[in-house]
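Notes follow the structure.
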Amino acid sequence: MPIIPELLDDADELTAVRRDIHAHPELAFGEERTAAIVAEKLAAYGCEVYRGMAKTGVVGTIRRGNSPRAIGLRADMDALPMQEMNDFPHRSTEDGRMHACGHDGHTTMLLGAAKYLAATRNFDGTVHLIFQPAEEGHGGGRVMVEEGLFAKFPCDAVFALHNKPGIPLGHIAARAGPLLAASDRFDIHVRARGSHAAYPHLGIDPFVIGAQIVLALQTIGSRNVDPLDSSVVSIGFVKGGSAYNVIPDDLHIGGTVRSFRPAVQELVERRIGEIARGAAAMHGTTAEVSYRHGYPPTINHVAETEFAAAVAVEICGADGVVRDIAPSMGGEDFSYMLNARPGAMLWIGNGPGEGGCFPHNTRYDFNDAAIPIGASFFARLAERFLEKEKE
């Protein structure tokens, strides 16, 4: 596997950085320690360093030559509000915080690429290294774009890597078009009439209404959405009541919707409202529905995806690159950057074994063996995108 030799030499150093970040997870817009590590290392490598975008975001810039072309490489830095259940030495030292999605690995891979690119500068143009805060549900990517990321750091294209357990170590997967889904949230408040549990006929039971709503919501994907399209409606919680013998006055149902196309997104939103209000009306009461659009779908641009996949072949070999991986119903706020600039997100294999469980699991861990692979891919991507003209 043609990993860049310098990055193999740096593997132990980069692993130590990744494990240090893993042991000290920070939540959205609070990545102060992580951002300080990133900024310090970028400066030591010889990069221009800019801090403070989206509060804790960091951008490192490497320039060479006179070409106006520029590429953006993005990594996310934040952790999740979860309790880690691993027992290895670099487990989280913070209660209720955990790097359960591999952002520690993403950050370290990009730092590795930064060190190599700053030292060699085997390109003509500008590389912007974008270390983004608050990917996990808080839209740090959106905030960076809104604060002028691409006006201050112009990029002809922008790329990202995300680890993917289930894809073998040493493999990279790509897909042009929709890669990840839009991620929306909804709340349903059933307004009923409480009563003693022994006399249900004197009230209106919100749990009966809620049960009908929960079941009926599952018919949206199976009976309203075209079978050739994709959608997911999942209930995250049902809250109501506090006593065994009391029927409460109300019930709160919350969940998420995933979709790829705006037409499907609009259909699901409309049907959730119709189902909730209809079920409540059937029992002589009302339901209030709140639907909030979250991250838009992550849609890779065709030319940039094909370019990135070709570069991945240089690192992983032809057999190590999947060019048409199936899309995922997960969401990603890199979508905001792709809505602003051409580019692509690719998946890097996290492999099986310890830590090989799916992200957002209490026993997840990023596979350190992937660090030099991802760093090599980022570095080659910049070099190929900003290739020097042959003399």
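The values are calculated or read from the model by the stated rules, or taken from the named source; none is laboratory data. As the structure is a computational prediction, the values presented were derived from the model and not from experiment. Every residue, glycine as well, gets a Cβ built from its backbone with ideal geometry; the counts of neighbours run over all protein chains shown. Ligands, DNA and RNA are excluded from the accessible area calculation, which covers all protein heavy atoms including side chains. Shrake-Rupley method; radii C 1.70, N 1.55, O 1.52, S 1.80 Å.
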task = Select from the stretch 245-260 the residues that are under 28 Å from the mean Cα position of the chain (by Cα) and hydrophobic (A, V, I, L, M, F, W, C) and write down the one among them that is surrounded by the most Cβ atoms within 10 Å (Cβ to Cβ).
result = VAL257
ask   = Out of the stretch 1-18, which residues are open to solvent by 10 Å² or more (accessible area, probe 1.4 Å) and within 22 Å of HIS171 (Cα to Cα)?
value = MET1, PRO2, ILE3, PRO5, GLU6, LEU8, ASP9, ASP10, ALA11, ASP12, THR15
task = Go through the stretch 48-89 and give me each residue that's open to solvent by 50 Å² or more (accessible area, probe 1.4 Å), over 13 Å from MET144 (Cα atoms) and not in a strand (DSSP E or B).
result = GLY65, ASN66, PRO68, ARG69, PRO81, GLN83, MET85, ASP87, PRO89
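Quick one: would you say SER242 is in a strand (DSSP E or B) and surrounded by fewer than 16 Cβ atoms within 10 Å (Cβ to Cβ)? Give the steps one after another, and end with the answer.
On the way: in a strand (DSSP E or B): no; surrounded by fewer than 16 Cβ atoms within 10 Å (Cβ to Cβ): yes.
So SER242 does not fit the description; no.
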Residue within the stretch 105-128 that is touching an Asp or Glu at 6+ places or on another chain (Cβ under 8 Å), closer than 27 Å to GLN83 by Cα and aliphatic (A, V, I, L, M) present = no
query = Which condition breaks for VAL38 when tested against (1) surrounded by 16 or more Cβ atoms within 10 Å (Cβ to Cβ); (2) assigned to a strand (DSSP E or B)?
reply = (2)
query = Give me the pairs: first residue in the stretch 57-86 and without any contact (Cβ under 8 Å) to a residue 60 or more places away in the chain, second residue surrounded by 24 or more Cβ atoms within 10 Å (Cβ to Cβ) and acidic (Asp, Glu), beta-carbon distance under 6 Å, and six or more apart or on different chains, which are they?
reply = MET77/GLU31
query = Would you call ILE247 among the aliphatic types (A, V, I, L, M), farther than 21 Å from ALA181 by Cβ and touching a Pro at 6+ places or on another chain (Cβ under 7 Å)?
reply = yes
key: Failed item, numbered, when ILE172 is tested on (1) within 24 Å of ALA308 (Cβ to Cβ); (2) out of contact with any Phe, Trp or Tyr (no Cβ under 7 Å at 6 or more places or on another chain)   = (2)
task = Determine, yes or no, whether PRO206 is crowded, with 16+ Cβ neighbours inside 10 Å and under 28 Å from HIS99 (Cα atoms).
result = no
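Do you know which of the residues in the stretch 153-172 that are small (Gly, Ala, Ser) and over 23 Å from ARG69 (Cβ atoms) is surrounded by the most Cβ atoms within 10 Å (Cβ to Cβ)?
Of everything passing the filter in the stretch 153-172, GLY170 is surrounded by the most Cβ atoms within 10 Å (Cβ to Cβ).
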request  = Name the single residue, out of those in the stretch 102-151 being farther than 18 Å from PHE378 by Cβ and charged (D, E, K, R), that is most open to solvent (accessible area, probe 1.4 Å).
outcome  = GLU146
Verdict on SER195 being of a type in the set (Ser, Thr, Tyr), at negative phi and either touching a helix residue (DSSP H, G or I) at 6+ places or on another chain (Cβ under 9 Å) or open to solvent by less than 50 Å² (accessible area, probe 1.4 Å) (or both) = yes
message = Looking at the stretch 6-28, can you tell me whether even one residue there is closer than 24 Å to GLU146 by Cβ and among the charged types (D, E, K, R)?
response = yes
remark   = Reported set for the stretch 78-129 where residues are small (Gly, Ala, Ser) and at positive phi is GLY96, GLY102, GLY125
task = Report, by residue number, each residue of the stretch 330-356 that is open to solvent by 40 Å² or more (accessible area, probe 1.4 Å) and either of a type in the set (Val, Ile, Thr) or under 18 Å from MET85 (Cβ atoms) (or both).
result = GLY353, GLU354
task = Could you please let me know if ALA16 is within 22 Å of the chain's Cα centre (by Cα) and among the small types (Gly, Ala, Ser)?
result = no
